[in-house]
Structures are given as C-alpha cells and as structure tokens.
Amino acid sequence: MSYIETTDPELFSILNREINREESTLELIASENFTSPAILEMAGGVMTNKYAEGYPGKRYYGGCEHVDEAEELARDRLKALFNCQYANVQPHSGSQANMAALMTFLEPGDTVLGLDLSHGGHLTHGSLVNFSGQLYNFISYHVSQESGRVDFDEVNQLAKKHKPKLIVCGGSAYPRFIEFAQFREVADKVGAFLMADIAHPSGLVAAGVHPSPMNYSHVVTSTTHKTLRGPRGGIIMMGKDFENTWGKVVPKSGRVKNVSELVDSTVMPGIQGGPLMHIIAAKAIAFGEALKPDFKKYAIQTVENAKYMADLFLELDYNLISGGTDTHVILINLSNKNITGKQAEISLGHAGMTVNKNMVPFDERSPFITSGIRVGTPAVTTRGMGKHEIKNIVHWIDDAINSFDNIAKLTKIKTEINSLCESFPIYPHLAH
Ligand code: DSN
C-alpha cells in the first residue's frame, strides 16, 4: 500500500508518471543511472529524521549511535572500494564536494587550472557563473582540435606561465581515460596540488576498468549517482593522508594536524550543516554493492556497450569527439548531420530516448542550442541491455536524427522502444 496514494493523490500521480517514464523510455544521459531497490528503500527511510552535525563519535546532537554506525560503514566501504586512506561521505552533491576540496587547498584569489566547460569540464572547474570562477583565478586548458584529447602542450605552457596552486583534472563530457599520471607530472613541475574529479567514471574506477587517481592526486572528488550507481550525492577521498606541513595548505584551526582534518572541517562546519544521514546510509549500501563481483561485470559491460555504440556511430558517419570512447560517454558533433544538439535532444525525446544536448569543443553555438549531444550507457546497461539492444538503439537514434521533423516516424520508434523496455523492467515492485 502506498501512503502517498492515500494522503496526497496529486503527488502520487506525479510519482507514477515518473516511474512510467523511467520504465518505458531509454535513459541515455551519461550521468544518470538506476539505483537498486535497497538503495531506494534506505534513501526513503527514517534516517532522514536525524540531525547529526559533526562526524561519528563527535556529534553536536544526542541519539546518533545508529547513524554513526551507518556513516562509519560508508567510510570503511568507500576506503576499501577505492583503496584510499581517507574518505568523507557527507557532501550533499558533487559541487559541494568540489567546493570543500577547493576551499581546503586554496585561498580566494589563488590560481587554478581546469578544463574549459565547453571542452568537457564542469561548472565547478572555473566557470564564471559558478563559485569556482568567482572565488578563484581559474585558467582554462582545452582539448586539442585534432585529437579531442587534453592538449598537454597547452597544460604545460599554462602551468609554467601561471604557476597554479592547484590543477583540476576530470570533467563531465570527456570520453577518454583521465590522464592522472600526466597531470601529476605537470603539477610536480610547478609545485601544484592535483585534484581529480572522477564524478563520471568513479564506478569504472571502482571496478578497475578505468585507471585510479589515488596514487597521483592529492585529493579526489566524485558524485555517487553516476557510474557508481548510488543515491544522489558527493564524496571526497585522499589516497594517502598527509601532514599539514607542506606549507601550502593554510591551517583553518590550530588544532588541525593532517589535511584530512582540514577537509572534514571544510565540509562541516565550513560549507554544510546537518548531513543527510538517509543518503549516507544509502551510499553505504551502494559502496557495498560496488564491492561485489556483479558490479565489475556491470562496469565492464557498460564500457563494452559504449565502445560498440561508438563503432556503430562511426559506421554511420557520425563525428565522435576523440574518435571514440574509453568509458561510458560518447560525445557526438552533429554538424555534418544538419541538426543542432537542441533539435536532436527534442527529436530523440519524442522517440522515447533521453539524451542531453552538449557543447562540443570549439562549438560556435550557444550552450542553449549546441552542436552536439552526449550519450551514455550506464543506465541501459543497468537494465541488462547488451550488444543486441545497443545495435537497435543506435539505429533508432540515427532514424530520429534523420527524421527529426517526422512525428509519425518518431512515434513509431517510441512504440518499438516501449516494447523493448517492457522486457527490461527496472522496478517491478513499483509497477501499478
Ligand atoms: N550534471 C552532471 C552531468 O550531467 O554530467 C555534471 O554535474
């Protein structure tokens, strides 16, 4: 029985429409996924009621004995998953995780290098409309026009010229492995910290199908809901904690000895108050799931599906940034297909496939129109789809792009997709 159905039919019907949308369409947004029913249950559980400002064993509120257990388990599992010495599971989101990491290592006005948003970076990597670009002197590096990969000649030049205090690597639309070792080499040359934002590939890193940043980065941030397949949230990790004696991390308090203590205090009380304990407990479930062998199979299949999808797109004369993918992300420049990213997003939406329009490197269109789309395989792989379905999906995408003004054709594709989706249910226990 649903309590929402009885107490708030209006919201119940909205919820059911969303369940039906998720079940009956193909989710191809690279940053989305479907959590397990266990994670959904915990995220909707009673721990939402608990105030627990502080950290396990050091809270500002009574009655924290059980949420302490959940947070300790989340931290321990996260450390085991990424083989790291320090973990903070409290950031409410990836942006909060990045804000805390930057505020730990930097003072306002410090110089930082980050990947340009329109070349695959992220808002929190120095965009002027974001706190990062407003508080710090971010200098953007780019991908090379020829290879679509990070232009390390430029990164080296910028590092030499601007002497950044920190370099951020990673992004939201970068189809290739993040080059942690190369970034660390640049950082060492100029005495900069290296921060790796692995929000996108963290599930692949956990499963060992993407290189790990832990031995190269001073600090690592991620979301928990993309390839990692947990509840929506953020995390901060350090492969190895180090003493605050490097002379560059400014002590926020005389009592702080290690950098991990600085990160903890920057998250809370620095930028957040009460942690979302229901979400932290749900993160613990997700990390537990990711430690199991099935998760590795899922991560391998996610990348295989993306590589196969990329090959099929290339056969159909699509222009893929960097010529393919190493991960779950494919970034397509649609300029040779006479359609904008915005038109493609709308057309695919009518056909029952969800993607997002995306700037491509050197894009001449605005972020509201764009020349590209970003496509990802984590969610369809979680549903159990493999090569056979991927082949159909690419043909449907191609048809929807070629027939973007033909509503009858798009509706026919949607019917076929609805029928495929019925064979790959996500949450049968929620069906009405
Ligand atoms: N919005 C996320 C994404 O789609 O990649 C990044 O924060």
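The values are calculated or read from the model by the stated rules, or taken from the named source; none is laboratory data. Since the structure is predicted, the reported quantities are computational estimates derived from the model, not experimental observations. Backbone-built Cβ (ideal geometry, glycine too); neighbour counts: all protein chains shown.
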Those residues that are in contact (Cβ under 8 Å) with a residue 40 or more places away in the chain and within 16 Å of the ligand (Cβ to nearest atom), I need them from the stretch 362-377; list them, please. PRO367, GLY372, ILE373, ARG374, VAL375, GLY376, THR377
State all residues of the stretch 81-97 that are more than 16 Å from the ligand (Cβ to nearest atom), within 15 Å of LYS283 (Cβ to Cβ) and polar (S, T, N, Q); if no residue qualifies, say none. ASN88, GLN90
Name the residues in the stretch 275-308 that are in a loop (DSSP other than H, G, I, E, B) and either surrounded by fewer than 16 Cβ atoms within 10 Å (Cβ to Cβ) or in contact with a strand residue (DSSP E or B) (Cβ under 6 Å, 6 or more places away or on another chain) (or both), would you? LEU291, LYS292
Restricted to the stretch 103-157 and to residues being in a loop (DSSP other than H, G, I, E, B) and buried (at least 22 other Cβ atoms within 10 Å of the Cβ), the residue farthest from the ligand (Cβ to nearest atom) is LEU106
Sole residue being within 28 Å of ASN319 (Cβ to Cβ) and aliphatic (A, V, I, L, M), chosen from ALA181, ALA173: ALA173
Scanning the stretch 405-432 residue by residue, those modelled with pLDDT of 95 or more, in a loop (DSSP other than H, G, I, E, B) and under 17 Å from THR25 (Cβ atoms) turn out to be SER423, PHE424, PRO425, ILE426, TYR427
Looking at (1) of a type outside the set (Val, Ile, Thr); (2) in contact with a Pro (Cβ under 9 Å, 6 or more places away or on another chain); (3) within 15 Å of the ligand (Cβ to nearest atom), find the lone condition where ALA100 falls short. (3)
By residue number, the members of the stretch 81-116 that are aliphatic (A, V, I, L, M) and either in contact with a strand residue (DSSP E or B) (Cβ under 8 Å, 6 or more places away or on another chain) or within 21 Å of PRO231 (Cα to Cα) (or both) are LEU81, ALA87, VAL89, ALA97, MET99, ALA100, ALA101, LEU102, LEU106, VAL112, LEU113, LEU115
Only one residue in PHE368, PHE313 is aromatic (Phe, Trp, Tyr), within 18 Å of ALA173 (Cα to Cα), surrounded by fewer than 18 Cβ atoms within 10 Å (Cβ to Cβ) and modelled with pLDDT of 95 or more. Which one? PHE368
